[in-house]
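Read the structure below first, then the notes.
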Amino acid sequence: MKKYLIQAAQDFKNADKTVTTDQTFSLYELKEGGKIYYWNGSPDQIVSNLTDFYFESFGSNE
């Protein structure tokens, strides 16, 4: 496992490929105490989207 992780990190470091993606998300606004706060969903939604993007970058569609 250690060798795999070292090799994967080296592959990322030496990558010459740029990956771009389009993402659709909801933007929420809260006005409180004279301040405006914005966020794009719950922490679970953000983590789920990042996890999906990470694994899809390896070509996995599952």
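Every residue, every condition in (1) closer than 23 Å to residue 59 by Cβ; (2) surrounded by 10 or more Cβ atoms within 10 Å (Cβ to Cβ); (3) in contact with an Asp or Glu (Cβ under 8 Å, 6 or more places away or on another chain), yes or no:
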residue: 9; (1), (2), (3): yes, yes, no
residue: 12; (1), (2), (3): yes, no, no
residue: 17; (1), (2), (3): yes, no, no
residue: 22; (1), (2), (3): yes, no, no
residue: 32; (1), (2), (3): no, no, no
residue: 40; (1), (2), (3): no, yes, no
residue: 43; (1), (2), (3): no, no, no
residue: 48; (1), (2), (3): yes, yes, no
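Within region 37-62, which residues are in contact with a strand residue (DSSP E or B) (Cβ under 6 Å, 6 or more places away or on another chain) and of a type in the set (A, V, I, L, M, F, W, C)?
39
For region 50-62, name all the residues that are of a type in the set (D, E, K, R) and either in contact (Cβ under 8 Å) with a residue 24 or more places away in the chain or open to solvent by 100 Å² or more (accessible area, probe 1.4 Å) (or both).
56, 62
Could you run through region 15-50 and say how many residues are modelled with pLDDT of 85 or more and either of a type in the set (S, T, N, Q) or assigned to a helix (DSSP H, G or I) (or both)?
Here the count works out to 0.
The values are calculated or read from the model by the stated rules, or taken from the named source; none is laboratory data. Fair warning: this is a prediction, and the values are worked out from it, not measured in the lab. Every residue, glycine as well, gets a Cβ built from its backbone with ideal geometry; the counts of neighbours run over all protein chains shown. What goes into the accessible areas is simple: the full protein's heavy atoms, side chains included, and nothing from ligands, DNA or RNA. Shrake-Rupley method; radii C 1.70, N 1.55, O 1.52, S 1.80 Å.
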